[in-house]
1. So for region 264-286 (the condition being at pLDDT 95 or above, of a type in the set (Val, Ile, Thr) and touching a Ser or Thr at 6+ places or on another chain (Cβ under 8 Å)), does at least one residue qualify?
2. Counting only residues that are within 24 Å of the chain's Cα centre (by Cα) and surrounded by 14 or more Cβ atoms within 10 Å (Cβ to Cβ), how many does region 250-281 have?
3. For region 288-302, state whether one or more residues are within 26 Å of the chain's Cα centre (by Cα) and either in contact (Cβ under 8 Å) with a residue 60 or more places away in the chain or under 27 Å from Tyr223 (Cβ atoms) (or both).
Amino acid sequence: MHLRQKSSRYCSAVLFLAGVNCVLLLAAIITAEFQPGFEIWLASALVASLILHARAGFALTDAEQEIELLQRQTEKIHPIAHKRNGAPVVKLDSAKSFVAKEIDAKDVDIKDAQMLALVKAAIENDRIDLYLQPIVSLPQRRQRYFEAFSRLRNEDGTILRPIHYLEAAERANRIGVIDNMILLRAVQALRNLGAENKHYRIFCNISPATIYDQDFFARFTDYLDVHSDMASRLVFEFTYPAVKLLTDRAERNLQAIAERGYAFSVDHISRLDHNWSALREKNFHYVKASSKMLLSASQGDAASRARVASFKETLCDNDIDLIVEKVELEAHMPEILAMDIDFGQGALFGAPRPANVYIPPRVALAEAS
(Lines give C-alpha, C1' and ligand atoms only; values in the text may rest on other atoms or scores of the structure.)
Protein backbone atom coordinates (compact mmCIF):
# COMPACT_ATOMS: atom_id res chain seq x y z
CA MET A 1 0.00 0.00 0.00
CA HIS A 2 1.40 3.42 -0.93
CA LEU A 3 2.06 6.18 1.53
CA ARG A 4 -0.65 8.37 0.09
CA GLN A 5 -3.19 5.54 0.39
CA LYS A 6 -2.12 4.82 3.97
CA SER A 7 -2.29 8.45 5.02
CA SER A 8 -5.61 8.97 3.24
CA ARG A 9 -7.25 5.97 4.91
CA TYR A 10 -5.82 6.82 8.31
CA CYS A 11 -6.95 10.43 8.17
CA SER A 12 -10.38 9.43 6.80
CA ALA A 13 -10.86 7.02 9.69
CA VAL A 14 -9.88 9.68 12.23
CA LEU A 15 -12.17 12.25 10.65
CA PHE A 16 -15.03 9.72 10.57
CA LEU A 17 -14.52 9.03 14.28
CA ALA A 18 -14.51 12.75 15.00
CA GLY A 19 -17.71 13.18 12.98
CA VAL A 20 -19.46 10.41 14.88
CA ASN A 21 -18.43 12.00 18.15
CA CYS A 22 -19.75 15.36 17.03
CA VAL A 23 -23.12 13.87 16.04
CA LEU A 24 -23.50 12.00 19.34
CA LEU A 25 -22.41 15.01 21.36
CA LEU A 26 -24.85 17.27 19.53
CA ALA A 27 -27.67 14.76 20.01
CA ALA A 28 -26.87 14.51 23.71
CA ILE A 29 -27.02 18.25 24.12
CA ILE A 30 -30.29 18.61 22.21
CA THR A 31 -32.22 15.74 23.79
CA ALA A 32 -30.64 16.12 27.24
CA GLU A 33 -31.16 12.39 27.62
CA PHE A 34 -27.51 11.63 28.28
CA GLN A 35 -25.89 12.14 31.61
CA PRO A 36 -23.36 15.00 31.85
CA GLY A 37 -20.57 12.50 32.48
CA PHE A 38 -21.22 10.80 29.15
CA GLU A 39 -21.26 14.17 27.38
CA ILE A 40 -17.86 14.93 28.89
CA TRP A 41 -16.60 11.55 27.69
CA LEU A 42 -17.80 12.27 24.16
CA ALA A 43 -16.16 15.70 24.19
CA SER A 44 -12.90 14.13 25.35
CA ALA A 45 -13.08 11.56 22.57
CA LEU A 46 -13.63 14.35 20.05
CA VAL A 47 -10.57 16.23 21.31
CA ALA A 48 -8.52 13.02 21.21
CA SER A 49 -9.63 12.39 17.61
CA LEU A 50 -8.60 15.88 16.56
CA ILE A 51 -5.21 15.47 18.26
CA LEU A 52 -4.65 12.20 16.42
CA HIS A 53 -5.50 13.91 13.14
CA ALA A 54 -3.04 16.72 13.87
CA ARG A 55 -0.32 14.25 14.79
CA ALA A 56 -0.90 12.40 11.54
CA GLY A 57 -0.31 15.63 9.65
CA PHE A 58 2.95 16.32 11.44
CA ALA A 59 4.18 12.75 11.07
CA LEU A 60 3.55 12.76 7.33
CA THR A 61 5.10 16.17 6.62
CA ASP A 62 8.57 14.86 5.71
CA ALA A 63 7.14 12.04 3.65
CA GLU A 64 4.89 14.43 1.74
CA GLN A 65 7.94 16.61 1.00
CA GLU A 66 9.65 13.57 -0.46
CA ILE A 67 6.59 12.79 -2.57
CA GLU A 68 6.44 16.38 -3.80
CA LEU A 69 10.11 16.29 -4.72
CA LEU A 70 9.58 12.97 -6.49
CA GLN A 71 6.66 14.42 -8.41
CA ARG A 72 8.76 17.39 -9.41
CA GLN A 73 11.28 14.93 -10.78
CA THR A 74 8.71 13.37 -13.07
CA GLU A 75 6.63 16.45 -13.88
CA LYS A 76 7.45 18.63 -16.86
CA ILE A 77 10.44 16.51 -17.86
CA HIS A 78 10.04 15.69 -21.50
CA PRO A 79 13.46 16.03 -23.15
CA ILE A 80 13.25 16.67 -26.87
CA ALA A 81 16.35 16.64 -29.03
CA HIS A 82 16.84 19.78 -31.09
CA LYS A 83 19.88 20.82 -33.02
CA ARG A 84 21.82 24.02 -32.61
CA ASN A 85 24.76 24.50 -34.94
CA GLY A 86 24.61 20.82 -35.76
CA ALA A 87 24.80 19.63 -32.13
CA PRO A 88 21.89 18.16 -30.17
CA VAL A 89 20.60 20.31 -27.34
CA VAL A 90 18.16 19.16 -24.69
CA LYS A 91 14.91 21.12 -24.51
CA LEU A 92 12.12 20.87 -21.95
CA ASP A 93 8.42 21.47 -22.41
CA SER A 94 5.43 21.52 -20.10
CA ALA A 95 3.85 18.28 -21.27
CA LYS A 96 2.06 15.99 -18.85
CA SER A 97 4.28 14.13 -16.42
CA PHE A 98 5.75 10.85 -17.54
CA VAL A 99 3.96 9.04 -14.73
CA ALA A 100 0.56 10.34 -15.79
CA LYS A 101 1.18 10.29 -19.53
CA GLU A 102 -0.11 7.35 -21.52
CA ILE A 103 2.33 5.71 -23.88
CA ASP A 104 1.69 6.93 -27.39
CA ALA A 105 2.19 4.19 -29.98
CA LYS A 106 2.84 6.88 -32.58
CA ASP A 107 6.00 7.95 -30.75
CA VAL A 108 7.54 4.54 -30.07
CA ASP A 109 7.29 1.06 -31.56
CA ILE A 110 5.19 -1.66 -29.97
CA LYS A 111 8.09 -3.32 -28.15
CA ASP A 112 9.25 -0.02 -26.64
CA ALA A 113 5.67 0.90 -25.74
CA GLN A 114 5.28 -2.37 -23.83
CA MET A 115 8.53 -1.85 -21.95
CA LEU A 116 7.70 1.79 -21.16
CA ALA A 117 4.32 0.69 -19.84
CA LEU A 118 6.14 -1.61 -17.40
CA VAL A 119 8.47 1.25 -16.41
CA LYS A 120 5.49 3.54 -15.91
CA ALA A 121 3.75 0.95 -13.68
CA ALA A 122 6.92 0.43 -11.62
CA ILE A 123 7.28 4.18 -11.00
CA GLU A 124 3.62 4.63 -10.10
CA ASN A 125 3.64 1.66 -7.69
CA ASP A 126 6.98 2.43 -6.04
CA ARG A 127 8.65 -0.73 -7.31
CA ILE A 128 12.09 0.84 -7.71
CA ASP A 129 14.99 -0.57 -5.69
CA LEU A 130 18.36 1.03 -5.04
CA TYR A 131 21.34 -1.09 -6.03
CA LEU A 132 24.94 -0.21 -5.24
CA GLN A 133 28.24 -1.22 -6.78
CA PRO A 134 31.43 -0.68 -4.75
CA ILE A 135 34.28 1.54 -5.84
CA VAL A 136 37.47 0.34 -4.13
CA SER A 137 40.78 2.00 -3.37
CA LEU A 138 43.80 0.55 -5.12
CA PRO A 139 45.86 -1.42 -4.43
CA GLN A 140 44.15 -2.21 -1.06
CA ARG A 141 40.75 -2.97 -2.68
CA ARG A 142 38.98 -1.41 0.29
CA GLN A 143 35.42 -0.28 -0.32
CA ARG A 144 35.42 3.51 -0.36
CA TYR A 145 32.52 4.66 -2.50
CA PHE A 146 29.47 3.26 -4.26
CA GLU A 147 27.71 3.95 -7.54
CA ALA A 148 23.92 3.96 -7.43
CA PHE A 149 21.77 2.05 -9.88
CA SER A 150 18.05 1.45 -10.12
CA ARG A 151 16.32 -1.87 -10.51
CA LEU A 152 12.66 -1.86 -11.52
CA ARG A 153 10.38 -4.72 -10.53
CA ASN A 154 7.34 -6.07 -12.32
CA GLU A 155 4.13 -6.70 -10.42
CA ASP A 156 5.14 -10.35 -10.00
CA GLY A 157 8.49 -9.37 -8.48
CA THR A 158 10.71 -10.12 -11.46
CA ILE A 159 13.48 -7.61 -12.17
CA LEU A 160 13.43 -5.63 -15.39
CA ARG A 161 16.81 -5.77 -17.10
CA PRO A 162 18.31 -2.26 -17.33
CA ILE A 163 19.67 -2.96 -20.80
CA HIS A 164 16.06 -3.29 -21.96
CA TYR A 165 14.22 -0.48 -20.20
CA LEU A 166 17.08 2.03 -20.39
CA GLU A 167 17.36 1.65 -24.15
CA ALA A 168 13.59 1.95 -24.53
CA ALA A 169 13.60 5.07 -22.32
CA GLU A 170 16.39 6.60 -24.37
CA ARG A 171 14.56 6.02 -27.64
CA ALA A 172 11.39 7.53 -26.18
CA ASN A 173 13.25 10.49 -24.60
CA ARG A 174 12.31 9.36 -21.08
CA ILE A 175 15.79 8.59 -19.74
CA GLY A 176 15.72 11.73 -17.60
CA VAL A 177 12.88 10.32 -15.53
CA ILE A 178 14.80 7.11 -14.79
CA ASP A 179 17.96 9.01 -13.87
CA ASN A 180 16.05 11.29 -11.55
CA MET A 181 14.46 8.36 -9.75
CA ILE A 182 17.95 6.97 -9.11
CA LEU A 183 18.97 10.35 -7.75
CA LEU A 184 16.12 10.47 -5.24
CA ARG A 185 16.78 6.94 -4.05
CA ALA A 186 20.43 7.78 -3.48
CA VAL A 187 19.56 10.93 -1.56
CA GLN A 188 17.12 9.00 0.60
CA ALA A 189 19.70 6.29 1.26
CA LEU A 190 22.31 8.83 2.36
CA ARG A 191 19.87 10.52 4.71
CA ASN A 192 18.91 7.19 6.25
CA LEU A 193 22.48 5.94 6.67
CA GLY A 194 23.26 8.37 9.49
CA ALA A 195 26.52 9.95 10.62
CA GLU A 196 28.11 6.58 11.38
CA ASN A 197 28.39 5.94 7.62
CA LYS A 198 29.79 9.33 6.68
CA HIS A 199 32.89 7.71 5.16
CA TYR A 200 30.77 6.36 2.31
CA ARG A 201 29.99 8.36 -0.80
CA ILE A 202 27.43 7.52 -3.42
CA PHE A 203 27.95 8.39 -7.08
CA CYS A 204 24.62 9.19 -8.65
CA ASN A 205 24.09 9.64 -12.37
CA ILE A 206 22.11 12.78 -13.09
CA SER A 207 20.52 13.68 -16.39
CA PRO A 208 20.75 17.14 -17.97
CA ALA A 209 16.95 17.33 -17.65
CA THR A 210 17.31 17.95 -13.92
CA ILE A 211 19.73 20.81 -14.55
CA TYR A 212 17.62 22.37 -17.31
CA ASP A 213 14.30 22.29 -15.44
CA GLN A 214 14.34 25.65 -13.63
CA ASP A 215 11.18 24.96 -11.64
CA PHE A 216 12.42 21.66 -10.27
CA PHE A 217 15.99 22.91 -9.91
CA ALA A 218 14.89 25.67 -7.52
CA ARG A 219 13.12 23.13 -5.32
CA PHE A 220 16.01 20.71 -5.57
CA THR A 221 18.56 23.27 -4.39
CA ASP A 222 16.25 24.16 -1.49
CA TYR A 223 16.22 20.46 -0.65
CA LEU A 224 20.02 20.34 -0.76
CA ASP A 225 20.19 23.35 1.54
CA VAL A 226 17.99 21.65 4.12
CA HIS A 227 20.12 18.51 3.96
CA SER A 228 23.50 20.21 3.59
CA ASP A 229 25.18 17.39 5.54
CA MET A 230 24.92 15.28 2.37
CA ALA A 231 27.29 17.56 0.44
CA SER A 232 30.39 15.50 1.26
CA ARG A 233 28.61 12.20 0.72
CA LEU A 234 26.96 12.56 -2.68
CA VAL A 235 28.78 12.86 -6.01
CA PHE A 236 26.82 13.77 -9.12
CA GLU A 237 27.99 11.92 -12.21
CA PHE A 238 27.63 13.07 -15.81
CA THR A 239 28.71 11.62 -19.13
CA TYR A 240 31.38 13.59 -20.91
CA PRO A 241 29.17 14.21 -24.00
CA ALA A 242 26.46 15.65 -21.71
CA VAL A 243 28.98 18.00 -20.08
CA LYS A 244 30.14 19.24 -23.46
CA LEU A 245 26.55 20.07 -24.47
CA LEU A 246 25.61 22.08 -21.38
CA THR A 247 24.26 25.53 -22.14
CA ASP A 248 25.34 28.65 -20.24
CA ARG A 249 22.24 28.47 -18.05
CA ALA A 250 22.83 24.79 -17.27
CA GLU A 251 26.44 25.51 -16.36
CA ARG A 252 25.28 28.23 -13.96
CA ASN A 253 22.95 25.73 -12.35
CA LEU A 254 25.80 23.25 -12.13
CA GLN A 255 27.90 25.92 -10.42
CA ALA A 256 25.09 26.54 -7.94
CA ILE A 257 25.29 22.87 -6.90
CA ALA A 258 29.09 23.05 -6.68
CA GLU A 259 28.86 26.11 -4.42
CA ARG A 260 26.87 23.98 -1.99
CA GLY A 261 29.83 21.64 -1.64
CA TYR A 262 28.82 18.81 -3.99
CA ALA A 263 31.52 17.23 -6.15
CA PHE A 264 31.10 15.92 -9.71
CA SER A 265 32.32 12.91 -11.65
CA VAL A 266 32.53 12.34 -15.39
CA ASP A 267 32.48 9.05 -17.29
CA HIS A 268 32.19 7.86 -20.90
CA ILE A 269 35.45 9.52 -21.86
CA SER A 270 36.86 8.42 -25.20
CA ARG A 271 40.29 10.08 -25.12
CA LEU A 272 43.03 10.88 -22.64
CA ASP A 273 43.69 14.42 -23.84
CA HIS A 274 40.52 16.27 -22.83
CA ASN A 275 40.79 19.65 -21.10
CA TRP A 276 40.98 18.30 -17.55
CA SER A 277 41.86 21.65 -15.96
CA ALA A 278 38.61 23.12 -17.35
CA LEU A 279 36.65 20.25 -15.84
CA ARG A 280 38.35 20.76 -12.49
CA GLU A 281 37.31 24.42 -12.55
CA LYS A 282 33.72 23.15 -12.82
CA ASN A 283 34.27 21.10 -9.64
CA PHE A 284 34.82 17.71 -11.24
CA HIS A 285 36.86 15.68 -8.76
CA TYR A 286 36.59 12.25 -10.40
CA VAL A 287 37.14 10.84 -13.88
CA LYS A 288 36.09 7.32 -14.84
CA ALA A 289 37.86 5.50 -17.65
CA SER A 290 37.14 1.97 -18.81
CA SER A 291 39.78 -0.67 -18.20
CA LYS A 292 39.62 -1.61 -21.87
CA MET A 293 40.56 1.91 -22.98
CA LEU A 294 43.37 2.28 -20.44
CA LEU A 295 44.84 -1.16 -21.13
CA SER A 296 44.73 -0.55 -24.88
CA ALA A 297 46.35 2.86 -24.48
CA SER A 298 49.13 1.50 -22.27
CA GLN A 299 50.11 -1.33 -24.61
CA GLY A 300 52.57 -0.88 -27.42
CA ASP A 301 55.63 1.32 -27.58
CA ALA A 302 57.12 3.58 -24.95
CA ALA A 303 55.30 6.59 -26.38
CA SER A 304 51.93 4.98 -25.66
CA ARG A 305 52.86 4.25 -22.06
CA ALA A 306 54.17 7.80 -21.71
CA ARG A 307 50.81 9.21 -22.84
CA VAL A 308 49.00 7.21 -20.16
CA ALA A 309 51.49 8.39 -17.54
CA SER A 310 51.04 11.98 -18.69
CA PHE A 311 47.25 11.60 -18.48
CA LYS A 312 47.49 10.35 -14.90
CA GLU A 313 49.94 13.11 -13.97
CA THR A 314 47.65 15.78 -15.44
CA LEU A 315 44.75 14.50 -13.35
CA CYS A 316 46.91 14.55 -10.21
CA ASP A 317 48.04 18.11 -10.95
CA ASN A 318 44.37 19.13 -11.13
CA ASP A 319 43.43 17.20 -7.96
CA ILE A 320 41.25 14.76 -9.90
CA ASP A 321 41.04 11.10 -8.88
CA LEU A 322 41.03 8.47 -11.60
CA ILE A 323 38.62 5.52 -11.34
CA VAL A 324 39.18 2.59 -13.66
CA GLU A 325 35.80 0.98 -14.31
CA LYS A 326 34.56 -2.27 -15.83
CA VAL A 327 37.37 -4.27 -14.29
CA GLU A 328 36.41 -7.91 -14.67
CA LEU A 329 39.54 -10.07 -14.75
CA GLU A 330 42.21 -10.62 -12.11
CA ALA A 331 44.73 -11.07 -14.91
CA HIS A 332 44.41 -7.38 -15.77
CA MET A 333 45.27 -6.15 -12.28
CA PRO A 334 49.10 -6.11 -12.62
CA GLU A 335 48.87 -3.75 -15.59
CA ILE A 336 46.23 -1.61 -13.89
CA LEU A 337 48.27 -1.31 -10.70
CA ALA A 338 51.33 -0.40 -12.76
CA MET A 339 49.46 2.72 -13.93
CA ASP A 340 49.17 3.92 -10.32
CA ILE A 341 45.38 4.34 -10.59
CA ASP A 342 43.55 5.59 -7.50
CA PHE A 343 40.31 3.57 -7.54
CA GLY A 344 38.71 0.61 -9.28
CA GLN A 345 35.17 -0.46 -10.08
CA GLY A 346 33.81 -3.55 -11.77
CA ALA A 347 32.62 -7.12 -11.37
CA LEU A 348 36.02 -8.14 -9.99
CA PHE A 349 35.42 -5.98 -6.92
CA GLY A 350 31.67 -6.50 -6.65
CA ALA A 351 28.63 -6.49 -8.89
CA PRO A 352 25.63 -4.18 -8.36
CA ARG A 353 23.63 -5.58 -5.44
CA PRO A 354 20.75 -4.37 -3.27
CA ALA A 355 21.95 -1.54 -1.06
CA ASN A 356 21.70 -3.53 2.18
CA VAL A 357 24.16 -6.13 0.87
CA TYR A 358 27.06 -3.67 0.90
CA ILE A 359 25.90 -1.27 3.61
CA PRO A 360 24.66 -2.79 6.88
CA PRO A 361 21.32 -1.57 8.16
CA ARG A 362 21.52 1.44 10.43
CA VAL A 363 20.09 -0.49 13.39
CA ALA A 364 22.85 -3.08 13.15
CA LEU A 365 25.52 -0.40 13.09
CA ALA A 366 24.04 1.31 16.11
CA GLU A 367 24.05 -1.96 18.07
CA ALA A 368 27.62 -2.69 17.07
CA SER A 369 28.79 0.69 18.34
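1. Yes; the residues of region 264-286 include at least one that is at pLDDT 95 or above, of a type in the set (Val, Ile, Thr) and touching a Ser or Thr at 6+ places or on another chain (Cβ under 8 Å).
2. Our first condition is that a residue be within 24 Å of the chain's Cα centre (by Cα); within region 250-281, this holds for 250-269, 279-280.
Right, trim to surrounded by 14 or more Cβ atoms within 10 Å (Cβ to Cβ) and you get 250, 253-254, 256-258, 261-269, 279-280.
Counting residues in region 250-281 that are within 24 Å of the chain's Cα centre (by Cα) and surrounded by 14 or more Cβ atoms within 10 Å (Cβ to Cβ) gives 17.
3. Taking region 288-302 as the starting set, the residues that turn out to be within 26 Å of the chain's Cα centre (by Cα) are 288-291.
Keeping just the survivors that are either in contact (Cβ under 8 Å) with a residue 60 or more places away in the chain or under 27 Å from Tyr223 (Cβ atoms) (or both) gives 288.
Taking every residue of region 288-302 in turn, at least one turns out to be within 26 Å of the chain's Cα centre (by Cα) and either in contact (Cβ under 8 Å) with a residue 60 or more places away in the chain or under 27 Å from Tyr223 (Cβ atoms) (or both).
The values are calculated or read from the model by the stated rules, or taken from the named source; none is laboratory data. Just so you know, these numbers come straight off a predicted model, no measurement behind them. Neighbour counts run over all protein chains shown; Cβ positions are idealised from the backbone, glycine included.
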